[in-house]
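Everything below concerns the one structure shown next.
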Amino acid sequence: MGKNIIIVGGGPAGTIAANSLAKKLKKEEASITVIDKTGKHVYEPGLLYLTFGEQDPKDIVRNERDILNKKVSLIVDEATKIDTKREIVELKRGDKLHYDYLIIATGARLCPEEVPGMKEGAYHFYNVDEALKLKDALNKFDKGKIVIGVGGVPYKCPPAPAEIACFLDYKLRRKRIRDKVEIHYLSPLPRIFPIESIDPIVKEIFDKEEIKYTTFFNVESVDPERKEVKSLEGETIGYDLLILIPPHKGSKVIEDSLLGDRGGWVPTDRYTLKVKGYDNVYAIGDATDLPISKSGAAAHYEAKVVANNIASEIKGNESLDKYNGKVVCICDSGNKAIYLKFDYDHPPKSTRPRWIYRLLKLTFNKLYWHTVAKARFL
Amino acid sequence: MSEEPKVDRLIDARNTFCPGPLMELIRAIREAKVGEIIGVLSSDTGSKRDIPLWVSKTGHKLIGIYEKKGYAEIVVQKMR
């Protein structure tokens, strides 16, 4: 009888793992099931483009069923508890599913309520509804001060706030109102960009385009009435429109199953991607506690490693892959982009912004659905 | 060198570049209780400059930087 592989979460990590496993294993070797709360798959790098009207919701949201290999079963329901002692996942509707292998791909949860005043006083673009609200607000905004900050760490895609600052600058210039709008970026770090070797290039763009910035500004609270944002470091800055990356936490099912650390992130081995203390439970994508960027690229490479290793084990092979920390990232500034590639052993190299990298990203945004998500080619 | 303190939480951020060891420390400090001691392992030489700077700006306490083979353990106490 085949093994039961349960994957909790149908984002990029869970989907790529499921589709890779389906390609490697015969039906009689394993049954593969994805449990997903919504049944919708969101291509989150597209949220930036949605905010600026370059993509529509239909471009970045698809039915999970349409992406999954036919050999993979999809259950649209919420996993409410993972019982690792009995090897069971409990669902909201009451079903209990036994697993031989479990892949936790439950992603990150947005928690704007963790920053006092954020819900009332700030916009963000980390889901479709909020990105559309920000889009409307930006379309109406014609003069004043736009402040961009980070409400908590970790958050998905560390370069995203610097990316939206550059994007905003470019779009406002195109609208010929840049001289009426001040852009002020609040970085949680002592520099603008998270990666030190790339920071001088981004700083050059900020200086040239007159994007103001304050470093060491970790947002503590927002005062929506006074239109001020305060930092842990003790500074206060006023705004007319505030864009704040919301704090992130691990998924509720991880917290409720007592599988996470204080932030709800799953303690995971950085090479094997096994959940610490378990041999048949893996964690991939944003759900892990790994100190690497929470990004689709990391999720993609992790999913491939875990799928290879589970399939090898089921087939009785001994060769096992290790995740090497690989991340590939294209940071788009609106008209040009920076291409970054790094892993545990190779730091990112300094690179100039080029339009060709932007073209690569725009092409990838479309190809994602037919290649990476379906575990084809890449 | 004085004896290394016992940490309540140890973060292994060696050989990671984005978001980097300081961001991992900020996360841990936000999650910690006042008085708790956090250790960060970092192979990034910039951490030895950035972390003490942030710690002094935010009123926490740098307990020490302990050099190891190819990395440093930077130990910080949450003060407020």
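Quick rundown of the values:
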read-out	value
Candidates A:P188, A:P200, A:P161 - the one that is within 14 Å of chain B (Cβ to nearest Cβ), surrounded by fewer than 16 Cβ atoms within 10 Å (Cβ to Cβ) and within 30 Å of B:K61 (Cα to Cα)	A:P200
Wholly enclosed strands (runs of 3 or more DSSP E) of region A:232-282 bearing at least 1 residues among the small types (G, A, S), within 24 Å of A:D36 (Cα to Cα) and touching a Gly at 6+ places or on another chain (Cβ under 9 Å)	A:248-250
Residue count for region A:290-349, restricted to those that are assigned to a loop (DSSP other than H, G, I, E, B), of a type outside the set (F, W, Y), buried (at least 24 other Cβ atoms within 10 Å of the Cβ) and touching a helix residue (DSSP H, G or I) at 6+ places or on another chain (Cβ under 7 Å)	2
Set A:T15, A:T38, A:T106: member being outside any loop (DSSP other than H, G, I, E, B) and of a type outside the set (A, V, I, L, M, F, W, C)	A:T15
One residue from A:L21, A:L48 being assigned to a helix (DSSP H, G or I) and under 28 Å from A:E163 (Cβ atoms)	A:L48
Filter result for the condition that a residue is outside the structural domain of A:H41 (by TED's automatic domain parsing), not in a loop (DSSP other than H, G, I, E, B) and not polar (S, T, N, Q), over A:R358, A:R352	A:R358
Some residue of region A:139-157 being assigned to a helix (DSSP H, G or I), more than 14 Å from every other protein chain (Cβ to nearest Cβ) and crowded, with 18+ Cβ neighbours inside 10 Å	no
A:A122 being in contact with a Ser or Thr (Cβ under 7 Å, 6 or more places away or on another chain), buried (at least 20 other Cβ atoms within 10 Å of the Cβ), assigned by TED's automatic domain parsing to the domain that holds A:P154 and not charged (D, E, K, R)	no
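One line per residue, one yes/no per condition, for (1) more than 10 Å from chain A (Cβ to nearest Cβ); (2) assigned to a loop (DSSP other than H, G, I, E, B); (3) without any contact (Cβ under 8 Å) to a residue 60 or more places away in the chain:
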{"residue": "B:P5", "(1), (2), (3)": "yes, yes, no"}
{"residue": "B:N15", "(1), (2), (3)": "no, yes, yes"}
{"residue": "B:C18", "(1), (2), (3)": "no, yes, yes"}
{"residue": "B:M23", "(1), (2), (3)": "no, no, yes"}
{"residue": "B:A28", "(1), (2), (3)": "no, no, yes"}
{"residue": "B:L41", "(1), (2), (3)": "no, no, yes"}
{"residue": "B:T45", "(1), (2), (3)": "no, yes, yes"}
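The values are calculated or read from the model by the stated rules, or taken from the named source; none is laboratory data. Keep in mind the model is a prediction, meaning the values are calculated, not measured. Backbone-built Cβ (ideal geometry, glycine too); neighbour counts: all protein chains shown.
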